[in-house]
Amino acid sequence: MTQTNSSEHGAQVRFPPPLVFLGFTLLAVAFQYVVAPARAPGERAISAIGGLLILVAGLGFVASARILFKRTGQNPAPWKPSPELILKGPYRFTRNPMYLGVTLFELGLGLAVNNLWISLFAAPALLTVHFIAVLPEEKYLSEKFGESYKAYLAQVSRYL
């Protein structure tokens, strides 16, 4: 475990990633009513159930990652210092389980509520978060943890 001093800062993330996802979801809702309704294709019950399953999987990624942050006494806010790398739980499969989880949540939500705009806007939301949060976080973690983080990068993919 690497010690942090009180003056240390985290990654240079200037905008909260959850607000990016929320903003794109609200934009998608506006598109549904202002531009044109976009409905999920196929049988409504199947898309609703499939959407709920994807949504729950996304919540699972987010919840399990947050639990690990709590257990290690860390704050998941990207601008807060990271005293140690978390390498277990969902972090064994993806370096960004919270962002992946929220993306899956949006995909599933769009299908579940029959607003395909929400599902479609999940990708640009993740792309925005990729540039404003993921890349600065990776730079910060690479500088802070050096070779141990570089070894992790070589073993675990960014999203899936």
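A few comments on the model shown:
- Counting only residues that are β-branched (Val, Ile, Thr) and exposed (fewer than 14 other Cβ atoms within 10 Å of the Cβ), the range 24-35 holds 2 of them.
- Which numbered condition ALA30 fails, given (1) free of Cβ contacts under 8 Å to residues at least 60 places away in the same chain; (2) in contact with a helix residue (DSSP H, G or I) (Cβ under 8 Å, 6 or more places away or on another chain); (3) of a type outside the set (Phe, Trp, Tyr): (2)
- VAL29 at pLDDT 95 or above and either more than 24 Å from TYR159 (Cβ to Cβ) or in a loop (DSSP other than H, G, I, E, B) (or both): yes
- Annotation: LEU135 fulfils all but one of (1) modelled with pLDDT of 95 or more; (2) of a type in the set (A, V, I, L, M, F, W, C); (3) surrounded by 16 or more Cβ atoms within 10 Å (Cβ to Cβ); the unmet one is (3).
- Checking each residue in the range 36-87 for being in a helix (DSSP H, G or I), of a type in the set (Val, Ile, Thr) and either buried (at least 16 other Cβ atoms within 10 Å of the Cβ) or without any contact (Cβ under 8 Å) to a residue 40 or more places away in the chain (or both) picks out ILE46, ILE49, ILE54, VAL62, ILE67.
- The range 11-23: number of residues that are farther than 27 Å from SER119 by Cβ and either in contact with a His (Cβ under 6 Å, 6 or more places away or on another chain) or surrounded by fewer than 19 Cβ atoms within 10 Å (Cβ to Cβ) (or both): 2
- Given (1) more than 26 Å from GLY146 (Cα to Cα); (2) at pLDDT below 95; (3) not aromatic (Phe, Trp, Tyr), number of the condition SER82 does not satisfy: (1)
The values are calculated or read from the model by the stated rules, or taken from the named source; none is laboratory data. Every value quoted in this text rests on a predicted model; they were computed, and no experiment measured them. Methodologically, a virtual Cβ is constructed for each residue, glycine included, from the backbone with ideal geometry; neighbour enumeration extends over all protein chains shown.
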